[in-house]
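Below is one structure, written out as structure tokens; comments come after it.
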Amino acid sequence: MTAREPFPFEATPLTPALGARIGGITLADAMDDATFDALYAAFLRYQVLLFPSQDVPPARQVALARRFGEVQVHVMNQYHADGFPELYRLSNLDAQGNPNGKHPDRGTLAWHTDGSWQRRTGQATIIYGEVMPQTGGETHFCDMYGAYERLSDDWKRRIEPLRAVHNLDFSRTRRHGEDPMTEAQKRAVPPVDHPVVRTHPETRRRCLFLGDHAEYIVGMPYEEGRALIEELNALAPHPDLTYEHRWTTGELILWDNRCTMHRATSYDPATQKRVIRRCTVIGEVPA
Ligand SMILES: [Fe+2]
């Protein structure tokens, strides 16, 4: 089923729960306000928008992100790309363009929500698939409205007052063994606490807000909080509320971090090539 109305482009749902394929927009062209407004409405409605393979120059990706809001300049500055501090490239290629055998960010393999380690967390993330592997390296999205709604009343009551501390240094370095953050990088992103249940600031729907950057629960013994976070992170993704995307080079996906989690699947970094170019728009302080 393809819905042409009320949007001035094609929006074809990818699953009954979330995601839509958007047709009829050339992202390399400047976008008029009416089209952007409709695109934003589709973003709120579908949570994940997929654009078919096309050329999206770095400047156009940044320009699109800026329509959504302030674009994050990522603290992990070794990944900055193309002269735009807003763009962040994850690649397993060496200087000759061959696979180097090293996964560039193993933290992406766990369900998470971008920028939850900041006071103002991620709103939209926009990823362009510059080179995508033949096998593996998929991106999966799950619906966190549905994850909250399907919790038992007991669970809902229990987590209602809780706040979780999100910490990039915890998820990135201690859990996934990536290169240590520098002291300056750590100082730039100290741990922050957010409600475990947040209300989406635009749709006003409630959603679960945890993911892999969540380290512990405020006021709860550390290990007890860890166990609770792990249990909820495992409960949240329901197969029928998940969209699993197998990439084709040149596709672009944008999604709402406030009401979804995502993860990448593994691939063989010694034989497969995977290069993505991403940027994240900074949203609100969760409430
Ligand atoms: Fe991510």
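The numbers here are math on the coordinates, done by the rules we state, and not lab data. Since the model is a prediction, treat every value here as computed from it, not as a measurement. As a convention, Cβ positions derive from the backbone with ideal geometry for all residues, glycine included, and neighbour counts pool all protein chains shown.
Odds and ends about this structure:
- With 0.36 nm allotted per residue and the present C-alpha distance subtracted, the residue 285-residue 150 stretch has 46.1 nm of extension available.
- The chain: radius of gyration over Cα atoms, expressed as a fraction of 2.2 N^0.38 Å: 0.97
- Residues 203, 135, ranked from the fewest to the most other C-beta atoms within 10 Å, line up as 135, 203.
- Cross-link partners of residue 273 among lysines, defined as those whose alpha carbon lies under 25 angstrom from its own and excluding same-chain residues fewer than eight positions apart: 102.
- Taking other residues whose beta carbon is less than 10 angstrom from the beta carbon of residue 144, and scoring Lys, Arg as +1 and Asp, Glu as -1, yields +1.
- The mean sequence separation of alpha-carbon pairs under 8 Å and at least six residues apart, normalised by the residue count of the chain, gives a relative contact order of 33 percent.
- Value of Rg to Rh for region 192-287 (Rh from inverse mean 1/r over Cα pairs, i.e. Kirkwood): 1.01
- Placing pseudo-labels 7 Å out from each Cα toward the beta carbon at residue 203 and residue 270 gives an inter-label distance of 4.2 nm.
- When both bridge partners sit in the chain, DSSP labels roughly 95% of those beta bridges antiparallel.
- Extension gain, residue 223 to residue 66, is 52.5 nm, computed as 0.36 nm per intervening residue step minus the present C-alpha separation.
- Set of aspartates and glutamates near residue 186 by C-alpha distance (under 16 Å), chain-local residues within fewer than 8 positions excluded: 169, 178, 215
- The modelled label-to-label distance between residue 246 and residue 231, using points 7 Å beyond Cα along the C-beta direction, is 3.6 nm.
- Cα-based reach from residue 156 at 14 Å (exclusive), listing aspartates and glutamates while leaving out same-chain residues under 8 positions away: 231
- For region 15-77, the relative contact order comes to 43 percent (Cα pairs under 8 Å, sequence separation of at least 6).
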